[in-house]
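Right, one structure below, let's go through it.
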Amino acid sequence: MKVLVTGRNGQLAQALLQKTSTHKNQRHEQDDFIFAGHTELDLEKTDLIAPYIQDLAPDMIINTAAWTAVDLAEDVPERAALLNTAAPYEIAKAARAINAKLIHISTDYVYSGQKETPYLESDSTAPQGVYGHTKRAGELRVLETLDKAIILRTAWVYSPFGKNFIKTMLHLAKARDALSVVNDQFGNPTSALDLADTILSIKDQWDTQRIKAQKSIHQDPIQNNKIYHCAGTGHTHWADFARHIFDVSQKEGGPTAIVTGIPTSEWPTKATRPHNSKLDCTALKQAFGVEMPHWKVSVAQTVKDVLRSEMTR
């Protein structure tokens with residue numbers, strides 16, 4: 001199976017690269033993963049997307065690329081729309097032309113954040129800023145265009161790669177003994193490595209059903225054209241997220257700091273953050289039999305990985 005992964009330098013693509021290059025199982029060794037970054041595929045040049053994909057002719061596309069600078073999106077909405085709406089649309093059209101499947105990554109920001117309990121896929125969307133609006137519009141364009149698409153909404157992604165909350169907290173703790181962190185925004189911290197494992201599991205199941213369908217008159221039983229929530233198990237707020245990071249770091253001999261919880265009103269941002277980003281992932285488990293580890297377990301492992309990486313520099 002030939003698989004195109006967009007957004008090569010992002011956290012999720014880097015996690016997929018690690019999983020498919022150093023932890024290959026027998027199935028993945030037989031797959032051909034192509035990781036495309038800005039140099040190979042500039043998604044802001046939407047007219048170049050279809051020719052690139054049609055020339056490559058992948059069986060599946062995993063679109064991890066996106067405009068994720070939430071506050072900056074308020075200043076440059078046209079660029080956010082290019083990457084989050086127009087590019088996914090062109091990818092979906094190209095996939096349809098070559099009969100390829102698509103796994104498209106979306107976000108908790110498509111919701112208003114005003115619900116108190118975890119969001120279900122059936123809940124109404126009501127994005128509060130440019131980033132959320134452009135991501136929701138991208139979802140709709142994909143679903144309208146391609147009948148072999150799965151959209152995974154995730155949240156609070158971190159990893160040993162790139163920029164993220166864990167690395168920011170550890171960096172700040174090197175210079176400060178105390179930090180103020182928001183304690184009235186709730187969500188599911190999600191490891192990019194766990195997310196990569198889930199995506200590969202979906203890919204494997206989808207491919208298995210494709211092979212079976214080729215040998216029979218039955219249709220592919222995998223539920224196509226669906227949206228699933230895909231995030232770490234359990235939820236917390238940012239202040240307790242930070243406290244757990246520092247608890248693990250301190251035990252490992254890394255930097256630590258005292259965390260004081262503050263309301264969002266004391267940490268204003270240009271873009272509105274959801275009060276509630278909690279995602280219910282039951283549908284994903286029912287459809288594919290996968291459930292991510294508890295967020296505390298994966299955060300602890302990532303903190304250790306980051307500290308270990310810094311020690312070897």
- line: In segment 74-128, residues that are among the β-branched types (Val, Ile, Thr) and within 15 Å of Gly187 (Cβ to Cβ) total 3
- line: Filtering segment 71-94 down to residues that are touching a helix residue (DSSP H, G or I) at 6+ places or on another chain (Cβ under 7 Å) and more than 17 Å from His38 (Cβ to Cβ) yields Ala73, Glu74, Pro77, Ala81, Thr85, Tyr89, Ala92, Lys93, Ala94
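Looking for whichever is within 27 Å of Cys281 (Cα to Cα) and either at pLDDT 95 or above or surrounded by 19 or more Cβ atoms within 10 Å (Cβ to Cβ) (or both) here; the options are Ile98, Ile103. Which one fits?
Ile103
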task: For segment 204-239, name all the residues that are among the polar types (S, T, N, Q) and modelled with pLDDT under 95.
output: Gln205, Thr208, Gln209, Gln214, Ser216, Gln219, Gln223, Asn224, Asn225
query: Taking segment 77-109 as the region of interest, how many residues are closer than 21 Å to Ala155 by Cα and in contact with a strand residue (DSSP E or B) (Cβ under 7 Å, 6 or more places away or on another chain)?
result: 8
message: So, in segment 262-277, exactly how many residues are open to solvent by 30 Å² or more (accessible area, probe 1.4 Å), in contact (Cβ under 8 Å) with a residue 40 or more places away in the chain and either touching a Lys or Arg at 6+ places or on another chain (Cβ under 6 Å) or not acidic (Asp, Glu) (or both)?
response: 8
query: Considering only residues of segment 277-313 that are of a type in the set (S, T, N, Q) and in contact with a His (Cβ under 9 Å, 6 or more places away or on another chain), which is nearest to Lys163 (Cα to Cα)?
result: Ser277
statement: Here, strands (runs of 3 or more DSSP E) confined to segment 17-133 with at least 3 residues that are under 23 Å from Arg273 (Cβ atoms), touching a residue at least 40 places away in the same chain (Cβ under 8 Å) and touching a Gly at 6+ places or on another chain (Cβ under 9 Å) are 101-107
task: State whether the residues of segment 262-272 include one that is in contact with a His (Cβ under 6 Å, 6 or more places away or on another chain) and at negative phi.
output: no
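The values are calculated or read from the model by the stated rules, or taken from the named source; none is laboratory data. Since the structure is predicted, the reported quantities are computational estimates derived from the model, not experimental observations. Every residue, glycine among them, receives a Cβ derived from its backbone with ideal geometry; neighbour counts consider all protein chains shown. Surface accessibility is based on the protein's heavy atoms, side chains included, excluding ligands, DNA and RNA. Shrake-Rupley method; radii C 1.70, N 1.55, O 1.52, S 1.80 Å.
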